[in-house]
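The values are calculated or read from the model by the stated rules, or taken from the named source; none is laboratory data. Not measured: the values here are computed from a predicted model. Using ideal geometry, Cβ is built from the backbone for each residue, glycine included, and neighbour counts are taken over all protein chains shown. For the accessible areas, the whole protein counts, side chains as well, though only heavy atoms, and no ligand, DNA or RNA atoms are used. Shrake-Rupley method; radii C 1.70, N 1.55, O 1.52, S 1.80 Å.
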Amino acid sequence: MLKIIITDDHPIVRQGITELINSEPSFTITGQFDDGQLLLQSSALVEADILFLDLNMPRTDGLKVLQQIRDKNIKVKTIVLTSYASEKLAVECRKLGASAYLLKTNNIENLILIIKDVMKGETFFEAISTPISKEDNQFTYLDGFLQKYRLTKRETQIIKLICAGYSSSDIADKLALSAFTVQTHRKNIFKKLQLENSNTASLYDFASKNGLI
């Protein structure tokens, strides 16, 4: 039985992958995590065959997870599943030992075949049309995005959590903030993005179009 872990901070993504995995009798999901730190603390990681990994997550991002997996010589084969159509990030993930780099915006129905190919030792890195940035920052796209909309990284983190279905009190607990602070961030986010206040659907649409989820 092939053991698979899914690490992504968006429940809808985890659910979609889970449904595909469950359609294959020889595959089993041994863990699901919504941030990299929890993944690295889990004993399931060293026993897994395949890891699905998002790059942009709370606390410990995907690149740091890949670094830890490499440094600890963990044998799991990693399939990066991301919204970042960045050639530079794809190259960086390959250097850090990832076996595949897939875009969430593309059809994921071929995941079963890709998993089987990866287990045979093959690699899969989608052709990325976005030109490599001249900047050295690995998350240049995100930094430019923050500047464009005058968002802080904390606000971006809260956007992702709101879109993942967390309430303000849940977000406060998760980020060790007061509920009042989260509510203030939330108001600022909607004001900066010129969205109707408390309209989560419009925020989700914005986040999806801009590669945050």
Cross-link pairs beyond the 27 Å C-alpha cut-off, checked among Lys88/Lys192; Lys95/Lys192; Lys153/Lys209; Lys64/Lys209: Lys88/Lys192; Lys95/Lys192
Listed residues Pro25, Pro11, Pro58, most fluctuating in the chain (Gaussian network, C-alpha, under 10 Å): Pro25
Heavy-atom surface of the chain, accessible at 1.4 Å and reported per residue (Å²): 51
Loop-located GluC sites (Glu not before Pro) in segment 7-113 whose Cβ has at most 12 other Cβ within 10 Å (DSSP): Glu109
Magnitude of the charge dipole, the chain, Cβ model with Lys/Arg +1 and Asp/Glu -1, debye to 20: 560
Probe 1.4 Å - accessible area at Asp9, Å² to nearest ten: 10
Reported label for calculated Cα extents along the principal axes in Å given (i) 50, 38, 32; (ii) 57, 52, 23; (iii) 70, 42, 37: (i)
Nonlocal amide H pairs with Lys77, under 5 Å, H built at 1.01 Å: Ile50, Leu51
Helix axis angle, 11-22 relative to the chain longest principal axis, alpha carbon, degrees: 20
Per-residue [θ]222 nm for the chain (sum of -39500 (n - 2.57) over DSSP H runs n ≥ 4, rounded to 500): -14000 deg cm²/dmol
Accessible-area order (highest first, 1.4 angstrom probe) of the listed residues Thr78, Thr200: Thr200, Thr78
Relative contact order of the chain, defined on C-alpha pairs under 8 angstrom at six or more residues apart (%): 16
